[in-house]
Each structure stands twice: as structure tokens, then as C-alpha cells.
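Structure first, then comments.
The values are calculated or read from the model by the stated rules, or taken from the named source; none is laboratory data. Bear in mind that the values here come from a model prediction, so they are computed numbers and not experimental data. Positions of Cβ are backbone-derived with ideal geometry, glycine not excepted, and every protein chain shown enters the neighbour counts. The area values use the complete protein model at the heavy-atom level, side chains included, leaving out ligands, DNA and RNA. Shrake-Rupley method; radii C 1.70, N 1.55, O 1.52, S 1.80 Å.
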Amino acid sequence: MAGADMTLLAIDDISKNFGKHQALCDISLAIESGEFVSLLGPSGCGKTTLLRLIAGFLRADRGTISIAGEDVTGLPPHRRPLNTVFQNYALFPHLTVADNVAYGPRRTGAGKAEASRRAQEALDLVGLGEFGDRYPRQMSGGQQQRVALARAIVNRPKLLLLDEPLSALDLQLRKRMQIELKQLQEKIGIAFVFVTHDQEEAMAMSDRIAVMNAGRIEQVGTGAEIYRRPATRFVAEFIGEASLLPVQRTGNGALTIVPAVEASGRSVAVLRPEHAQIFAGQADASTSCNLLSMEGHVETVASIGGVTNIYVRALGHLVHARRLGLVESGLREGQKVVLGIDPQNLHLLEGPQP
Amino acid sequence: MTASRSVILGLVALPLVYFTAFFLVPLMTVFVASLTDAQQGGMTFSNYARILLDEYHWSVIAVTFRLGILTTLICIVLGYPLAWYLVRIVKWRTWRRICVILLVLPLFTSNIVRSFGWMVLLGRNGLVNETLQAGGLIERPIRFLGTETGILIGLVYILLPFVVLTIGNALAKVDHSLEQASADLGASSASTFWHVTFPLSIPGVVSGSIIVFALAVSAYVTPALLSGGRVTVLAVLVFQQYSSVFNFHYGGALAITLLVFTLLMIAIASLVSRLGAR
Amino acid sequence: MAIRFLIRVLAIMTLAYLMLPLIVIIGASLTTSEFLAFPPQGLTLRWYEVVVLDPTYVDSFVTSAILAMLATLVAVALAVPAALAIARHDFPGKAAFSSLLLSPLVLPHLVLGAALLQFGSSIGLVRNFSALLVGHVVIVTPFVLRTVLPLLSREQQTLEEASRDLGADAFTTFFLVTLPQIRSGIISGAIFAFITSFINVELSIFNTTASLNTIPVQLFNYVQYSVDPTIAAVSAATILAAVVAIIVLDLTVGLDFLSENE
């Protein structure tokens, strides 16, 4: 029972079609109080549709949504104990910033004075206490974003939905807002459901991430979990960078890597670039015991600031390796090398992979 | 810079000359004539004094503006629901297209033709009276022709499409996410309408009202046909002076009076809307 | 939901109100009786025959058509350069220039007609075709200007610059890049201009004579004294012409301007 009390948002077997297009298929997800969960996926994966279903702007074809134990599936948006930060902010252009923020309290029964006091509090919280008299169009993108945030938290919802709220901001500001947003969330203790297509953003902010693809949730877990142990090939390729290598087990249970030409129908091992070691010759590779080794040649070397990406062609696979710092020993394109991989660092996706 | 200047001159010269010669100068001529004494020449305000110090003229002005204001109000009251219906309720594109064509059709038809239709409908034995009598609502035919009511029906009819189109345009531009934000913040649909959608459609209401008012107070054909000479509006007086009395001085003063009152009302309307938008 | 139903009913009734007089006229034009009757008593096209065989109607119809066509052509020739100047260049008095060209939209046409009569009589420009044309150009030019201006957007300017960059001179650029972009604006503006001129009474009435008459003015004079099915037939013919014009407009530029862009 204690666990059930903790569940704030419960999504059960939700499906949604638009005409013939299946936007969401059997989605289930539970979110706890105070948790920061990101819905992460490429555009068209259904993450925004799911958010709009939770908010009540769309009705599901099947399934239920409940918030704090109450079934809200049939409730219109204004009866749901949650608020939304819209992608384009959706600030009312005909109202001042203060009136925008006071809009929620006014509509839900607060008096004028009470509403403006709470609006002021919320604006102070996002650092815009001085700007109440302005109109949204007189403010910068980052400020508008904060106003939208203040407006959404002023009603003290149990749950805040954020639809790619940072996507319109430039990189510098986006990084700063990520930190501010996370701090704010911890301070006010509201659960956040955060839609984004930016995995770094999701990783930086979330307690848990739900990776979505083609209307389904592929995996839910902490950032470290989905990076280290991706549940599906899609997650492995979408989160971070990875080389996917077909493998088979030998008689003694050890893994060997299968050449590209024999790849179909095999299990696949996920290799992160930081786990691929490069040696000048077989002898160097043998010094470390238990390494899987493959001979190959360097195809591309690309240094980007603090890291160097090396692409090695081995057994017909293009394997991505990464070294910190500029590569000193002068790896050249075309040079013969040996790849060494610690099997401990391979994450195995069992069963025939497409 | 010089190339650009000659390009601008080339583009602007003809329209500027044309509108100066056949628009500005004629209007100035009227203005000057209205300030000139008919007999002696020389500047005088007597033409205006004749209008503004006379009870009859004030009653004509009052009728003109009463008709203008009532027409505008009724157009908004009838036009807003229709615009809402077309933009928000109709889902079937073909039907909306047909509706828009029906709406624009009257605009493409002469005022004469449309007023003529009402002359037939509103006559003693016209369809309206016959229907009302057959329905037992009235015993004797109501006189519409030659009354302000008749003119009002005709003016509303002629100007309604303008309001529907401008309000409809404004409604179509309202961002749905604003209404969703309002619902999200706890407002019911009625509350969302009053606090978000309606305020955002006000520019459309105001610009529609300005067009309707300006056209209603300066309308000549509709009042002339539906009044049967029994109700006089300002435009009718102006026309009489120019076409049969040939008094350009007094007629000019009437024309300028009509112009000034129209522009004044438009200025007030746009001022009110600008204050409202603050 | 009850409110939705109410709006639906009100909207349909308002649409019916807008259609009623037009239906009455078309119906009345088909009556076999010698007087106007609606619903029509029997159906006949003989009133149309009477109209077509009456040279005064035919003449004024032709006058109106030529007048509207010429006025539209001149208006396009004035409005397109003006729109280019306003959208693409900065010059002193730009705001005044554009409001000068747009103000006939809100100015009472009757006042303008009176002004042109008074001014025209001082230079001998009265009661002839040129006098009619001069006035009609003034009232229809704003329609073309208003529909062309919004199409001369910033992005479009980039296209023009790209064209110049690729070696096209100003004239080539205008015909190959600018004109195709504003064509729909010119077409719809021209149709509005044509119609506005074709149905005008307030301006024409000062300069028409017994031998030089436009169709709406002739109708107006006629309607004030007698009302018979011939008038209904002429009116019905102009309604049908309007239907044709609207369908052409809908097919060329589309009238779907009340759709929300989602």
C-alpha cells in the first residue's frame, strides 16, 4: 500500500490513433511524487501526444490515466490537478506578465489580491519579480520561458508537464535553464514530466527517462541504466553513441564477434566508444588478458576539442572508438591496428536482432 | 543611393500624381467651397452655421448616426455567432467553403439589387408581412418601407458580411495553445472564451465595426430605396444639393460634415480599442 | 453543448437571411405575371428576353463592363508600383503616401462623387466616360494595393536578392521572381476592383446621363419609379454574374480564408 501512495501519475495501457496512424500503443508508465521524468524520443515518436493525453487536450482511445489515485481519464483539462508549460509558452498577449501568472489563481477561485500576491511569489521564484507590469512581447525568449514556468507553478499543481520548453532557446541559455529548472523542481518538489528530443538535456535533468519510439515506450530507467544497459537496439543507438556488433558464444561460453557478412540472426553486443581500445599490434593487445581482439585498419580520425573519435574497420564492421585528448601516437588513416574489447564492457541484446 | 532614389520616384510618381489630382484636390475643392459664401465669395462659416444651428439638420444627423450605430451593433450581435460557427464549429471544409461563398455573394451584388430584394420582401403584401399574418403574429401588415426599421433591416443585411469576415479572420488567427493554456490553468470553456478568446478577437470586432459604421452612415442607395423619401439621412441631403439644387457651397458643407462625423467616430472606435488592448 | 446548438441555429438563420433577398429576386424574375410576385406565378424566361432585346439595358451593361475593366487595369498599373515602393523602399512621407492611396476605402463614396463632380466641372471633366473612369480608378485602386502589399514579404525580398545575385537585372527579376509571387494578390485585388466598379452607384450617379449610363445607376433610377419583373430579371442576371465571379475567384486564389491554420 505504501508504494501505491507514492504513485502520483499512473498511465495504464493507453492507446491513441489518429485516423489510421497509430500514435500511441499500449503505453503504461508510473511516476512518483516529486520525480523528474523525461519522455525522450525522436520527433513523431508520440511523446507530445502522450503529454497532451495526460493534460487532457486529447482523449485516449483505450486505457486510463489517474493522478494521485483519482481516475482523470474523462476529465477536461481544467479539472485536472496539473499544469503545463507549452512549447511556444502560450503566454496571453493581451495580459501583462503579472496578469498572465495571476490567471490560474483567478480562474480557480482566488480573489484579486490573493491572486496577485501568489503571482508575485511565483514571479519572485523565477527571478522576474520586477517585471510584472510588462507585456510578454516586451520580454526576451528566456524571460518568456520563465513567465510560462511561473504561470504553470502558481496553482501549486502536483504535476507539471513541460513540452520541449527549452527548445526555442540558444545553446548557452538552454544549458543555464536546464540547471535552473532542475534546482527549481527540487525546491518546490513538484513532479515534472518533461518532453524532449535532446538526450543530453534528458540525461542532465531527469531522475528517470522513458525512451519512446514509434508510439511505444522502449525503456524506462535512470540515465545511467539506459546508457549502460539499453533494453533494445533502438535505445542503444538513440542514446549516446554505440557500435552494434553481432556475436555468438563458443563452446566454453565465451563471446566471439561475428564478421559482418554472417551477421543476420545473431545476438548483438553494444559497444560504447570509450570501451574500445586501440593497439598498434597483436602483441600489445595480448598483454591484457581476456580481451576480445579484432584486427582492422583506421578509416577516419577526427579530433573535436577534448576528444578524438577513431573509426576502425574490422571484420567488416565500422567500430567507433574514442580517446580523451588529442591522439598522440599518430594514428593515421589506413594504418593497421588491433581493437581490444573487455567482454565485461559489452552489453548483450539477446536473441536475433533485426 | 541615387539609383535607389530614382527607382522610388519612378514607382511613386504616377500613383501620387493621380491621387493628388483626382482625390486630394477635389476634396480640397469641396472643403474650400464649403467655406466660401455662395453669393459674394470670401470666407465664411455660414454654410456650416446653416447646418449646425438648425434643428432639422440635427435631426437628420441624429437619424443617420442612430442608423449607423444600430446597424453596427446588430451586425456584431448577428455576425459574431456566424463567424464563430464558420471558424470553430464547421468541420466539413466543403460546407465552410459554400458558406463563405454565400457570405461573399451579397458583397458582389449591387446595393440596388439587394435593396430591391428587400423592397419586394418588406412591401405591404410582401413575403414578410404575409408570413407574419399567416402565422397569426399580426393582424394588419406592418409598414416597413419608409421607416427606419426598414432601412435598418436593409443596412444590416448589406453590411453583415463585412463583420463576419473580419471577426472570422480574427478568430481563425487565435492561437489554440492559448485556449489550451487557459483550460490548463483551470478555466472552464465559458471562462476561457471571456478571458482569452473574446479579448483576442476584439481587433476583428473593432475593424469590422469601423467598416460597417463608415459604410452605414454614408450609405445612400439603401436609405434612398427603402425610405421611399420618408426618412432622410445625411447622404441623401448631400446628393440633393449636388444633383438637383447645385449649391456646391452648402452641399460641400454637408459633405464635409458627413466626412468629419464619420472620421470622428472611426477615431473614437480605434482609440477605444487601443485603450482596451492595453 | 446547448450553446453550441444555439450558435448553429443562429448561424444557419443568419445565412438564410443573407440569401433571402437574392432568392426572392431570382424567383420573382421567373414569374409569368405582369407584376412582381414571389413566390412566382408560373415560370418563364420571357422577362430576360425583354431585357436582352432592350438596347438601353444592353448599352449600359456594356458601358459598365468596359468601365470596370479599364478602371481595374489602371488601378493595377497604379497599385503594383505603389505596393513595391511601400514594401521595398524607405522614403519620406511613406506612411502618408500609403494612407492617401488606402483612404478611399473608408471615405464616403458619395462625398468623393460630389467632390469629383465639383472639381470636374471646373475643368470640363463631367458627364462623360472619362469622368466616370477617373472616379472609379480612385475607389478601386486601394483594393489592389491592399491585396498585393501583404504578399511582398521579407522572405520574398531574399528571393529577389538571390535573383539579382545570380545576374538578373531589375526588370527580369520583377517579371520572373516578384510577379509570380504577387500574382494571386493582383488577381483577387483585380476581381474585387472589377466588382466594386461594376456595382457602384454612389460615384457614377453624378456623371451618368440618359445616353451614358451604367447598369446599376439605370436600375436605381428605374426602381425608384416602377417595379416590374424586368428589373428582377436584370438584377437576377447581375447576381448570376456575381456567382460566376466568385467561383472564378475561389478557383484561382481560394476563398478559404476562415480556415484555421493548424
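Looking only at residues in segment A:214-233 that are under 12 Å from the mean Cα position of the chain (by Cα) and of a type in the set (G, A, S), the one that is farthest from A:H275 (Cα to Cα) is A:G221. Within segment A:239-283, the set of residues being modelled with pLDDT under 85, touching a strand residue (DSSP E or B) at 6+ places or on another chain (Cβ under 7 Å), open to solvent by 50 Å² or more (accessible area, probe 1.4 Å) and within 27 Å of A:L324 (Cα to Cα) comprises A:A280, A:Q282. Is it fair to say C:G124 is small (G, A, S) and either open to solvent by 50 Å² or more (accessible area, probe 1.4 Å) or farther than 14 Å from C:I205 by Cα (or both)? The answer is yes for C:G124. Selection over segment B:201-243 of residues that are open to solvent by 30 Å² or more (accessible area, probe 1.4 Å) and polar (S, T, N, Q) gives a count of 4.
Consider segment A:1-25 and keep the residues that are in contact with a strand residue (DSSP E or B) (Cβ under 8 Å, 6 or more places away or on another chain) and either under 23 Å from A:S167 (Cα atoms) or among the aliphatic types (A, V, I, L, M) (or both). The one that is most open to solvent (accessible area, probe 1.4 Å) is A:M6. Scanning segment C:36-73 for residues that are farther than 30 Å from B:V128 by Cα and open to solvent by 50 Å² or more (accessible area, probe 1.4 Å) yields C:V52, C:L53, C:P55, C:T56, C:V58, C:D59, C:F61, C:V62, C:I66, C:M69, C:L70, C:L73. Among the residues of segment A:26-53 satisfying the criterion of being open to solvent by 30 Å² or more (accessible area, probe 1.4 Å) and in a strand (DSSP E or B), which is farthest from A:G215 (Cα to Cα)? If we take residues in segment A:26-53 being open to solvent by 30 Å² or more (accessible area, probe 1.4 Å) and in a strand (DSSP E or B), then A:E32 is farthest from A:G215 (Cα to Cα).
One residue stands out among those in segment C:76-98 that are under 19 Å from C:A193 (Cβ atoms) and open to solvent by 30 Å² or more (accessible area, probe 1.4 Å): the one that is nearest to the other protein chains (Cβ to nearest Cβ), which is C:P81.
Of the listed requirements (1) under 24 Å from the mean Cα position of the chain (by Cα); (2) modelled with pLDDT under 90; (3) open to solvent by less than 10 Å² (accessible area, probe 1.4 Å), B:S34 misses just one: (1).
Picking from residues in segment A:167-197 that are touching a Gly at 6+ places or on another chain (Cβ under 8 Å) and assigned to a helix (DSSP H, G or I), the one that is least open to solvent (accessible area, probe 1.4 Å) is A:M177. Every test in (1) modelled with pLDDT under 85; (2) within 14 Å of chain B (Cβ to nearest Cβ); (3) open to solvent by less than 30 Å² (accessible area, probe 1.4 Å) is passed by C:V111 save one, and that test is (1).
The condition (being more than 26 Å from C:V140 (Cβ to Cβ), among the small types (G, A, S) and out of contact with any His (no Cβ under 9 Å at 6 or more places or on another chain)) is satisfied by just one residue among C:A233, C:A237: C:A233. Checking each residue in segment B:172-185 for being modelled with pLDDT of 90 or more and at the interface with another protein chain (Cβ under 8 Å from one of its Cβ atoms) picks out B:S177, B:L178, B:Q180, B:A181, B:S182, B:A183, B:D184, B:L185.
Restricting C:S98, C:S121, C:S130 to those that are assigned to a helix (DSSP H, G or I), over 30 Å from B:N247 (Cβ atoms), in the same structural domain as C:T209 (by TED's automatic domain parsing) and polar (S, T, N, Q) reduces the list to C:S98. Any idea which residue in segment B:130-145 is farthest from B:R230 (Cα to Cα), counting only those that are surrounded by 14 or more Cβ atoms within 10 Å (Cβ to Cβ) and within 12 Å of chain C (Cβ to nearest Cβ)? The qualifying residue farthest from B:R230 (Cα to Cα) is B:E130.
Restricted to helices (runs of 4 or more DSSP H) entirely inside segment C:141-205, those with at least 1 residues that are surrounded by 22 or more Cβ atoms within 10 Å (Cβ to Cβ) and more than 12 Å from chain B (Cβ to nearest Cβ) are C:179-198.
Inspect all residues belonging to segment A:74-94 and state whether any of them is part of a strand (DSSP E or B), surrounded by fewer than 17 Cβ atoms within 10 Å (Cβ to Cβ) and modelled with pLDDT of 90 or more. Looking through segment A:74-94, none of the residues is part of a strand (DSSP E or B), surrounded by fewer than 17 Cβ atoms within 10 Å (Cβ to Cβ) and modelled with pLDDT of 90 or more.
Looking only at segment B:75-109, residues that are more than 11 Å from chain C (Cβ to nearest Cβ) and within 15 Å of the chain's Cα centre (by Cα) come to 1 in all. Taken over segment B:4-23, the residue count meeting the criterion of being closer than 20 Å to C:L132 by Cα and more than 7 Å from chain C (Cβ to nearest Cβ) is 3. For C:V9, the conditions (1) at pLDDT 90 or above; (2) under 30 Å from C:L151 (Cα atoms); (3) more than 7 Å from every other protein chain (Cβ to nearest Cβ) are fulfilled apart from (2). Being free of Cβ contacts under 8 Å to residues at least 12 places away in the same chain and either surrounded by 21 or more Cβ atoms within 10 Å (Cβ to Cβ) or in contact with a Lys or Arg (Cβ under 6 Å, 6 or more places away or on another chain) (or both) is not true of B:G168.
Set side by side, the residues B:F193, B:F198 differ, and just one is at pLDDT 90 or above, under 20 Å from C:I3 (Cβ atoms) and open to solvent by 50 Å² or more (accessible area, probe 1.4 Å), which is B:F198.
Scoring B:H195 on the criteria (1) facing another protein chain (nearest Cβ under 9 Å); (2) in contact with a helix residue (DSSP H, G or I) (Cβ under 6 Å, 6 or more places away or on another chain) leaves a single failure, condition (2).
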